[in-house]
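Reviewing the structure listed below.
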Amino acid sequence: MAATAAVAIHQFAECITCHAWSPDQSMIAFCPNNNEVHIYKLFTDKWEKLHVLAKHDQIVSGIDWSRSSNKIVTVSHDRNSYVWTQEGSDWVPTLVILKLNRAALCVQWSPKENKFAVGSGAKSVCICYYEQENNWWISKVIRKRHESSVTSLAWHPNNIYLATTSTDGKCRVFSTFIKGVDTRGSQSSTATDSKFGEQIAQLDLSSTWAFGVRWSASGKTLAYAGHNSMIYFVDEVELAPAAQNLALRDLPLRDVLFVSESVAIGVGFDCNPMIFAADDTGLWSFVRFLDERKATPSTSKASQLSEALGKLYGQSKGTSSDTVEPSKPRGGAHENCITCIVPLTKGRDGTIKRFSTSGLDGKIVVWDLENHITMAK
Amino acid sequence: MASSAAYLDADENLEAIISHIEQKSRKIETLLKQSKPVEALKTALEGSPLKTRDERCKSANWIVVHRAMMAIRDVDGMFNSLDPEYYDILMKYLYRGLSTGDRPTCDQCLKIHEKLTEKAGLGCILRSLADTVNTV
C-alpha cells in the first residue's frame, strides 16, 4: 500500500486564513485568523516563530511571497495593503494606498513580480506597481464589471492578463497592461495591444459564488470552482472559450492548483484534496481523493443526513442514537475546510511534485505527489 | 446553443410551455396505466420549465412531477433505471415536495431523498440549494 501523500502536517494555530512560503521554502508566513502575520522557520526538526508582522488592524486575508525579489505583500479586511521588505533581521512594511472602501480579500504577485493585484469587497481589483522615482507603490483600480466581491485572482504567464472570480458567479479576464511597467515588445500580440482594465473575457458558467481561479502553467487552460459543487475548465479563454462543467459528487471547492497541463488539484469543504485529470482528448474528470481515510462504514454522510431528517419529520430509522453528530473527525490530514493551496517544488519535467494546503483547522499540510499520480505525457 | 433571452416572458411562450406540460400529463397517465412509473417520472422531469419565472408554469410542472413521483413504489428499483442526468432536477423537485408539508408527499420525498443522496452525493443537494436561477 502506497505511503500517504501527506508528508508533513503542522498545527500552527486554531485557524489559518492564508499562507505563503519563502523562496527557499525554509520559512512559512501565515495569518492565524487575526490581524497578524506569523513567520515560522524550520530549525532541524522543529518550527520556531521568527517574526510577527503586526501592522494591520483586521484579519489578514491574503499573503503572497515573491520568489525572486523576496518581498511579502499582505492585504487585510482593514482595506490596506503592505509590502514587506527584509532588512537585516527585520521586516519593514511599506503602506500601499489602495483607496478601498471595503475589505481587501486576496492578493497575488504577478509572474515578473513587478505588479501585484488585490481583489476587494468593493467590487474592484487594484493593480499595484512600483514607481522608482517616488519610491512607492501606486494602485490603479479596475472598477467596472464586477457586480460583487472579488474572491480570487490569477495571473496569466504573460504578466498582463489577470483572471478574477467573484461572488456574482462570474469569472473574468482583464488586461492589466501599464505603460512604463509592461513593454509592448517587437511582436504585437493581443495581450500587449490591450488597454488597462479592458475585459478580455467573461465566463458566466456558475450562478453561484465563484472561487479559486487558476491558469495552467502555459496559460492555455483556466479553472475555477463554483459554490454549487462544480468545477469549470476552460480552454482558449481569449479567442474561443471552450468550457467543461464538472459536477462534483461532494462538497464545494475553495481553491484550485494546476499540477501539470492535464492534472489539477481542488481543495475545499471535503477537507481532502481532489485530483482531476484530462485525458488525451482534453476531457477533464474527477480521479480520486488524494488523502487516504480510515473508513467509517457505518456512518456515511448520507445515512447521518437521513437520520437527522428522519428526526425532523418524526420517522424512526433503524439504529437511533440520541445525538446526531454531523461532523465527526474523518481521520484525514485536515479536519476542517481547506481554503488555500500553494505550489512548492517542481520536478524536472515542469510539473508540481509538492504543494501545501492550509485550512480552518489551523493546520498546514505538505503533500507529495511522487508515486501518487502517474503523469500521462 | 445560441445564447438567447434567459427568461421567456412572452405570452405565447408561456402558452407553449403549458400545453407541453399538458401533453406530458397525458403521456404520464398512459405510462402509469402501463405500470411504468419510472418512465412516467422521466417524462415528467424532462423539459421542466427551469428558466421561466412564471409561477403558473412551474406549478403546472410540479403537479405533473408530483403525480409521477407518488406513483413510485420501488424506490431502489427506480434508481436502477434512472439516468444520472436526472439527479439534479429530481433533487430540486424533492425539496419542493418537502416544502409542501403534506404528510404523504413528504414521506415519499424523504424515501427518495435518502436513496438519491446515496447515489448522487452531497454535491447534488448543494446544486439544488445554490442554484437560484434555474428553479422549480
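The values are calculated or read from the model by the stated rules, or taken from the named source; none is laboratory data. Computed from a prediction, not measured in an experiment: that's the story for all the values here. Positions of Cβ are generated from backbone atoms using ideal geometry, with glycine treated the same way; all protein chains shown enter the neighbour counts.
Computed values, structure above
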| quantity | calculated |
| --- | --- |
| Residues being crowded, with 20+ Cβ neighbours inside 10 Å and within 16 Å of A:SER218 (Cα to Cα) - total across segment A:263-285 | 3 |
| Which numbered condition A:ALA20 fails, given (1) in contact with a His (Cβ under 7 Å, 6 or more places away or on another chain); (2) under 13 Å from A:SER358 (Cβ atoms) | (1) |
| Test: residue in segment B:2-10 that is among the hydrophobic types (A, V, I, L, M, F, W, C) and modelled with pLDDT of 90 or more | no |
| Filter result for the condition that a residue is within 14 Å of chain A (Cβ to nearest Cβ) and modelled with pLDDT under 90, over B:THR117, B:THR132, B:THR52, B:THR105 | B:THR132 |
| Only listed residue being at pLDDT 95 or above and buried (at least 18 other Cβ atoms within 10 Å of the Cβ), chosen from A:SER194, A:SER110 | A:SER110 |
| Test: residue in segment A:143-163 that is part of a strand (DSSP E or B), under 26 Å from A:GLY350 (Cβ atoms) and either without any contact (Cβ under 8 Å) to a residue 60 or more places away in the chain or in contact with a helix residue (DSSP H, G or I) (Cβ under 7 Å, 6 or more places away or on another chain) (or both) | yes |
| Residue check, B:LYS115 surrounded by fewer than 20 Cβ atoms within 10 Å (Cβ to Cβ), in a helix (DSSP H, G or I) and on the phi < 0 side of the Ramachandran plot | yes |
| Any hit, segment A:42-63, residues being at positive phi and surrounded by 13 or more Cβ atoms within 10 Å (Cβ to Cβ) | no |
| Residue list for segment A:238-259, restricted to those being basic (Lys, Arg) and in a strand (DSSP E or B) | A:ARG254 |
| Helices (runs of 4 or more DSSP H) completely within segment B:25-110 that count 2 or more residues being under 23 Å from B:ARG127 (Cα atoms) and under 13 Å from the mean Cα position of the chain (by Cα) | B:37-45, B:55-70, B:87-98 |
| From the options A:PRO252, A:PRO241, residue that is within 14 Å of chain B (Cβ to nearest Cβ) and within 17 Å of A:HIS156 (Cβ to Cβ) | A:PRO241 |
| Selected residue (only one of B:LEU110, B:LEU122 is at the interface with chain A (Cβ under 8 Å from one of its Cβ atoms), closer than 16 Å to A:ALA247 by Cβ and among the aliphatic types (A, V, I, L, M)) | B:LEU122 |
| Boolean, A:ARG184 is part of a loop (DSSP other than H, G, I, E, B), among the basic types (Lys, Arg) and without any contact (Cβ under 8 Å) to a residue 24 or more places away in the chain | yes |
| Meets criteria (within 14 Å of chain B (Cβ to nearest Cβ) and not hydroxyl-bearing (Ser, Thr, Tyr)) for A:GLY226 | yes |
| Total residues in segment A:41-63, condition in contact (Cβ under 8 Å) with a residue 40 or more places away in the chain and β-branched (Val, Ile, Thr) | 3 |
